[in-house]
Each structure stands twice: as structure tokens, then as C-alpha cells.
């Protein structure tokens with residue numbers, strides 16, 4: 001039976017996304033994939049300085065990720081920030097094939113008994129020892145130029161790796177869409193070519209600091225990542241794109257974070 005809370009969440013998300021999403025994306029069955037663009041929930045679990053994150057990590061590893069996998073989100077990433085910009089934070093990326101799948105994921109604490117059992121220590125923690133301070137969350141829609149998550153071989157094999165998460169804010173909705181078009185029109189392909197190994201690109205539909213987009217690149221180590229960025233900066237296609245007047249002034253703020261995957265991260 002659908003709970004009132006789940007109905008409220010589903011209705012709220014559908015209303016906020018309907019203006020930018022095709023009807024098929026909203027009505028497709030949960031957990032199915034027909035080659036359409038994925039949706040992502042990006043969470044930032046903010047921790048108080050000096051507070052232990054052991055309870056949160058145990059919950060994510062033993063309860064939340066298995067529940068997401070059972071629901072159909074096969075590749076869930078969990079990361080820590082190497083040099084935190086806004087205090088200690090644990091980042092979680094949850095992909096969904098459809099918007100309905102994301103809505104179902106929001107209700108897992110209510111609907112999945114196995115999650116509640118495995119995560120009891122975290123979910124029932126006393127007020128004096130919370131598992132986090134606050135959670136920020138964004139709903140993202142994958143770009144047409146990269147409709148699903150792509151994992152490099154070293155990530156699939158859980159070998160040493162790092163990730164860079166970037167958020168590009170724009171001063172207007174039109175300019176934000178132009179930056180997305182710039183990625184779709186060649187920038188993503190250049191990133192693949194030079195080895196930046198992009199993992200996902202998403203347009204932020206809800207969350208703070210709109211309008212903006214978020215994307216993630218990867219590398220085996222910091223030296224390789226720098227080398228790949230250096231190759232990107234002098235690539236002729238990138239030179240052409242960045243000097244094209246239609247793409248001028250599309251980014252007003254660029255926030256970049258270097259992330260390390262946890263031992264249990266599926267990305």
C-alpha cells in the first residue's frame with residue numbers, strides 16, 4: 001500500500017521535474033531501463049568536526065547500499081572528500097533508471113524491513129550521538145551526451161583510484177543550458193579521448209545553488225589526473241569550443257572536490 005508520505009514525495013518531485021522532463025521519463029516502470037537518461041540522487045552527509053562517521057559508514061555499507069541494489073540501483077558510490085571545502089562530508093551517488101525509482105528509493109527506510117534491521121544502530125541512534133549533522137541532496141538528470149554512468153576498468157576492478165566532482169553554477173537558466181549543450185556538443189568526447197574517464201554528468205533539477213550542473217571524472221592517481229587535464233586544456237576541439245561565442249559566460253562559479261572512494265563503494 002502506498003503511504004501518504006510516499007504519495008507526497010512522488011507528487012512533489014513530479015511537479016518540480018515535469019517542466020523539463022519528457023512524459024516517458026516520468027511514467028516508465030520503476031527499476032527498468034530502456035536506454036533513456038538516468039536520474040541521480042547526490043547526497044552530502046555533513047558531519048560535525050571531530051564527530052565519528054563510523055555509524056554512518058556501517059549503515060551505508062550494510063543497509064542502504066544493499067537496499068538500493070535490491071531496488072535496482074546497481075552502482076552506488078560512496079566517497080570521502082580529501083580536503084573538505086565545507087567541513088567533513090561523506091558523498092553518496094545513487095543512480096536510478098526512472099524518476100519513479102528515485103521516489104521509491106526515498107521510501108526505503110519505511111518499506112524495506114531488511115534495511116531497517118541492518119541499519120537499526122544508525123537509524124535508532126540517540127539524539128546525543130547522531131549519525132550526521134545534516135544531509136544536502138540534489139536531484140540530477142543525466143546529459144544526452146552521457147545518459148548512463150560509465151565506469152573505467154580500474155573502478156570496476158576496485159583498484160586504486162580517485163574522483164573529481166565538479167559543480168558549475170550559472171547566473172541564468174539560459175546560460176546553464178548552453179553549458180550543458182557545450183558538453184554534449186564535444187566536450188564530453190574530448191574528456192573521454194584524453195583519459196579523464198568521466199563517470200556521469202547531471203543537470204541539477206532540485207537542490208541548492210541552482211542553476212547548475214554536476215559531473216565526475218576519474219583517474220588511477222593524482223598524477224595521471226593532472227596529466228589528463230593538461231592534455232584536455234590544449235586539445236584543438238576544446239580550444240574551438242571555449243572560443244565559440246555562443247558558449248561565452250556559461251559558468252559563474254566552479255567548485256571542484258577531489259574524492260576518494262570508500263572500501264565498499266561500488267564506483
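Each reported figure results from applying straightforward, stated rules to the coordinates on display, with no laboratory input. Just so it is clear, the model here is predicted, and its values are computed rather than measured. As a convention, Cβ positions derive from the backbone with ideal geometry for all residues, glycine included, and neighbour counts pool all protein chains shown.
Data overview
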item: Residue-span extension gain [residue 244 to residue 223] - 0.36 nm each, minus C-alpha spacing; result: 4.5 nm
item: Per-residue [θ]222 nm for the chain (sum of -39500 (n - 2.57) over DSSP H runs n ≥ 4, rounded to 500); result: -9000 deg cm²/dmol
item: Cα gyration tensor, the stretch 81-134 - rounded (a/c under 1.5), prolate or oblate; result: oblate
item: Model label zone, residue 172; criterion: amide N under 18 Å from point 7 Å along Cα-to-beta-carbon; scope the stretch 242-264; result: 244-253
item: At R0 = 45 Å, FRET efficiency that the Cβ-Cβ distance of residue 129 and residue 74 yields, to 0.05; result: 0.90
item: Whole-number D in µm² s⁻¹ for the stretch 143-261, Kirkwood Cα-pair radius fed into Stokes-Einstein, 25 °C, 0.890 mPa s; result: 166
item: Pairwise centroid distance, computed over Cα atoms, of the stretch 112-174 with the stretch 31-98, Å; result: 3
item: Selected from 169, 223, 110 as most flexible by GNM, with the chain as the system and alpha-carbon contacts under 10 Å; result: 223
item: Extension gain, residue 109 back to residue 52 (0.36 nm per residue minus Cα-Cα distance, nm); result: 18.3 nm
item: Viscosity 1.002 mPa s, 20 °C: Kirkwood-radius Stokes-Einstein D of the chain over Cα pairs, µm²/s; result: 110
item: Tail weight of P(r) past 23 Å, computed on alpha-carbon pairs of the stretch 36-141, percent; result: 26
item: Max mean-square fluctuation residue, GNM over the chain, Cα-Cα springs under 10 Å, options 200, 232, 163; result: 232
item: Compactness index (Cα Rg / 2.2 N^0.38 Å), the stretch 65-206; result: 1.20
